[in-house]
Amino acid sequence: MNKRILDKNDENNYYRASKKFKTSKFKPNVSKFNFLEHYSKHFKDSNNLLKLQKEVMRKKFVRLNSSIIKEEHLTQLFKKSYRTSLKKTNISNCYEIEKSHFSLSGSFPILSGVSYLQDYPSQIPLYSIDYSKFSTNSTLKIIDMCSSPGSKLTQLSNVIFEQIVQGNLKKEIKIEIISNEISKERFLKLVNNVQKQFSTFNKNTTIEFIQLDALNLHKIKHFKENFDIVLLDAPCSGNFLQERNWFNKRDKKGVLRNSQIQKQLLEVAKEICSKNGVIVYSTCSMEIEENEENVIYAQKNLKLVTTKIENNFMKSFAYPIQSIEILKNIENKKLIQHSIRIHSPYSKTQAFFVNVFKK
């Protein structure tokens with residue numbers, strides 16, 4: 001794998017990163033909104049909500065880098081050296097940490113790059129892509145618009161390897177990846193994580209790291225309609241299953257501001273996606289303004305088309321949209337029928353949302 005980090009001497013086509021995403025003046029007129037009451041209602045009561053929070057926060061997952069170490073070797077390493085039991089999930093190379101007597105973040109398997117701590121639902125987006133549509137490509141161009149900490153980027157090496165083995169991609173295919181992150185601190189973490197797993201990428205893979213405002217990516221001339229796969233794991237409000245003090249930190253105004261930024265990012269994604277390419281939109285938010293409403297916006301205003309996710313194991317994540325209480329007020333549910341919402345009361349995992357678009 002070849003990697004390169006842009007510096008100040010790069011061509012003028014590259015726009016330097018701003019400290020935060022630039023948005024137009026945004027002053028939504030919203031009344032006081034109580035998230036705790038809102039979710040207590042939809043999760044039946046606050047006791048159920050807090051019980052779910054504790055249950056989900058206890059769950060930890062690790063992803064195996066199959067190009068470096070075999071499954072049986074990794075499980076034995078964790079068991080003997082760290083007294084940790086792993087349980088295989090229905091996602092390739094993903095294991096639930098059932099029992100551990102140590103914090104694994106500083107363990108050899110993690111620090112060496114043979115495995116990666118990554119939540120279960122966040123491993124789903126890359127498996128929502130139908131790679132067979134690129135079976136005749138000699139080159140596959142991918143951009144990760146908001147890349148840090150590098151979870152999906154490092155997972156990509158394993159997924160590409162699997163797709164080649166399955167015959168969905170050419171064995172000699174060249175992979176060209178642009179990895180973008182606006183934040184300086186998160187950028188350094190991104191590069192560090194990829195370097196730890198450097199050997200997982202095949203020799204035909206090139207990764208270019210850039211530190212730009214994602215809202216300006218379409219202004220780069222050679223990015224126009226250039227990428228076969230656009231990964232947009234959009235900045236979002238998160239959820240109360242990730243942060244213990246989430247209810248004290250979030251308000252409706254912030255959710256609506258995030259939703260506006262996400263719509264702008266989707267507009268950029270459309271501009272840089274090739275004519276036959278796909279856009280994978282994802283968040284870890286539970287808010288419909290950041291998920292389903294953005295999917296509807298993209299179809300009505302950007303003329304993007306949602307695609308059905310055909311992967312067989314993805315069916316286990318399907319949850320009837322009409323059964324989700326917080327979605328009952330969405331009028332045209334046909335527009336979100338292909339979206340995947342990881343509904344925590346059903347999955348007993350972190351919340352997550354995925355939708356795949358084509359132009």
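The values are calculated or read from the model by the stated rules, or taken from the named source; none is laboratory data. Quick caveat: nothing in here was measured; it's all calculated off a predicted structure. Cβ placement follows ideal geometry from the backbone for every residue including glycine, while neighbour counts extend to all protein chains displayed.
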Practice problem: Scan the stretch 235-244 and give yes if some residue there is crowded, with 20+ Cβ neighbours inside 10 Å, touching a strand residue (DSSP E or B) at 6+ places or on another chain (Cβ under 7 Å) and closer than 20 Å to Ile182 by Cβ, otherwise no. | Solution: yes
Self-check item: Which numbered condition Asn355 misses (of (1) modelled with pLDDT under 90; (2) surrounded by 14 or more Cβ atoms within 10 Å (Cβ to Cβ))
Solution: (1)
Quiz item: Could you give every pair whose Cβ atoms fall below 9 Å, whose first residue belongs to the stretch 78-102 and is surrounded by fewer than 13 Cβ atoms within 10 Å (Cβ to Cβ), and whose second residue is in a loop (DSSP other than H, G, I, E, B) and small (Gly, Ala, Ser), counting only separations of at least 6 or pairs across chains?
Solution: Ser81/Ser107; Arg83/Ser100
Quiz item: Which of the residues spanning the stretch 201-228 are over 19 Å from the mean Cα position of the chain (by Cα) and either without any contact (Cβ under 8 Å) to a residue 60 or more places away in the chain or assigned to a helix (DSSP H, G or I) (or both)?
Solution: Asn204, Asn216, His218, Lys219, Lys221, His222, Phe223, Lys224, Glu225
Quiz item: Among the residues of the stretch 193-213, is any among the acidic types (Asp, Glu), touching a helix residue (DSSP H, G or I) at 6+ places or on another chain (Cβ under 6 Å) and closer than 30 Å to Ile69 by Cα?
Solution: no
Exercise. Considering only the stretch 229-276, state which residues are assigned to a strand (DSSP E or B) and either of a type in the set (Lys, Arg) or farther than 24 Å from Ile129 by Cα (or both).
Key: Lys275
Quiz prompt | Flag for Ile143 being aliphatic (A, V, I, L, M), at pLDDT 95 or above and within 15 Å of the chain's Cα centre (by Cα) | solution = yes
Self-check item: Residue ID - surrounded by the most Cβ atoms within 10 Å (Cβ to Cβ), chosen from residues in the stretch 253-276 that are more than 17 Å from Pro235 (Cβ to Cβ) and not β-branched (Val, Ile, Thr)
Solution: Cys273
Quiz item: Going by the structure shown, is Gln195 at pLDDT 90 or above, assigned to a helix (DSSP H, G or I) and not hydrophobic (A, V, I, L, M, F, W, C)?
Solution: no
Practice problem: Determine if the stretch 157-165 includes at least one residue that is touching a strand residue (DSSP E or B) at 6+ places or on another chain (Cβ under 9 Å), over 27 Å from Cys236 (Cβ atoms) and surrounded by fewer than 20 Cβ atoms within 10 Å (Cβ to Cβ). | Solution: no
Practice problem: Return the only residue of Leu126, Leu111 being touching a residue at least 40 places away in the same chain (Cβ under 8 Å), loosely packed, with under 13 Cβ neighbours inside 10 Å and either within 23 Å of Asn192 (Cα to Cα) or over 24 Å from the mean Cα position of the chain (by Cα) (or both). | Solution: Leu111
Quiz item: In this structure, does Ser183 turn out to be in contact with a strand residue (DSSP E or B) (Cβ under 6 Å, 6 or more places away or on another chain) and over 18 Å from Ser66 (Cα atoms)?
Solution: no
